[in-house]
Amino acid sequence: MAEVLVALIVFIVAVVGLVAMENRGIEAQRSSMETREGERIAQEVMAELLATSFNELVAYDFSGAQNPALPYDDVDLGTFELRGYGEVPNATDERPPGLRADFYWVGRRIDRWPENGAGDPDAIQIEVTVLWIDSTNPAFPPPSDVDVDDLTPANLDPASPDYQPWVRGVQLRTVRINDSRSPI
């Protein structure tokens, strides 16, 4: 009888461990899917910015105002956008299954490159940031009252007082040379 009881206890401990491991595996898969979707959105926004002419990026900010001071970004202008998880455009405009509305915060930034130059820039740095609230990490659960539109790129920087360990993000940067000038 004692051997059966010990075997039953060992079996229960093993099953509980397997269930906990499965749960963490599901959370890791969800985190990976959120990261891939964030990367896709960042690449899409970067492609849109690269398709915009150099002169237009320098002459107009994201709100359409002329002659912006560099740098300018969506945080200062209030022009950031929220995107849904799984929000892939489709022909029917129906809500796809699994869509989570306003899941990602998407911001852009244009800056002179190199910094501290004067006059018309010869090059600009283009930056795209996609942020989201990571609820898959049990070590750093997000507060219940936080919302995606409260996020800023400073939430990713550990040196910033606004750093939050439950914020995940993707940042893409590139430098674009003034391609509108004619060759000499």
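The values are calculated or read from the model by the stated rules, or taken from the named source; none is laboratory data. All figures in this text were calculated on a predicted structure; none of them were measured in a lab. Quick reminder, even Gly has a Cβ in these numbers, built from the backbone with ideal geometry, and neighbours come from all protein chains shown.
Of all the residues in the range 123-139, those that are in a loop (DSSP other than H, G, I, E, B) and at pLDDT 90 or above number 1. Is one or more of the residues making up the range 174-184 of a type outside the set (Lys, Arg), touching a helix residue (DSSP H, G or I) at 6+ places or on another chain (Cβ under 7 Å), touching a residue at least 60 places away in the same chain (Cβ under 8 Å) and crowded, with 19+ Cβ neighbours inside 10 Å? Checking the range 174-184: not a single residue is of a type outside the set (Lys, Arg), touching a helix residue (DSSP H, G or I) at 6+ places or on another chain (Cβ under 7 Å), touching a residue at least 60 places away in the same chain (Cβ under 8 Å) and crowded, with 19+ Cβ neighbours inside 10 Å. Reported count of residues in the range 25-79, each being touching a strand residue (DSSP E or B) at 6+ places or on another chain (Cβ under 8 Å) and of a type in the set (Lys, Arg), is 0.
Picking from residues in the range 22-77 that are hydroxyl-bearing (Ser, Thr, Tyr) and outside any helix (DSSP H, G or I), the one that is surrounded by the most Cβ atoms within 10 Å (Cβ to Cβ) is 72. Considering the range 108-148 alone, what residues qualify as being small (Gly, Ala, Ser) and either touching a residue at least 24 places away in the same chain (Cβ under 8 Å) or farther than 19 Å from residue 173 by Cβ (or both)? Within the range 108-148, 118, 119, 123, 135, 139, 144 qualify. Look at the range 1-29: where a residue is in contact (Cβ under 8 Å) with a residue 24 or more places away in the chain, no partner that is among the aromatic types (Phe, Trp, Tyr) and surrounded by 10 or more Cβ atoms within 10 Å (Cβ to Cβ) sits 6+ places away or on another chain with Cβ atoms under 7 Å.
Assess whether residue 108 counts as being over 15 Å from residue 41 (Cβ atoms), modelled with pLDDT of 95 or more and not in a loop (DSSP other than H, G, I, E, B). When the stated conditions are applied, residue 108 does not pass them. When the range 49-59 is filtered for residues that are of a type outside the set (A, V, I, L, M, F, W, C) and modelled with pLDDT of 95 or more, nothing remains. Kindly establish whether residue 102 is surrounded by 13 or more Cβ atoms within 10 Å (Cβ to Cβ), out of contact with any Gly (no Cβ under 7 Å at 6 or more places or on another chain) and either modelled with pLDDT under 80 or not small (Gly, Ala, Ser) (or both). No. Among (1) out of contact with any Leu (no Cβ under 9 Å at 6 or more places or on another chain); (2) at pLDDT 95 or above, which single condition is residue 92 missing? Residue 92 satisfies all of (1) out of contact with any Leu (no Cβ under 9 Å at 6 or more places or on another chain); (2) at pLDDT 95 or above except (2).
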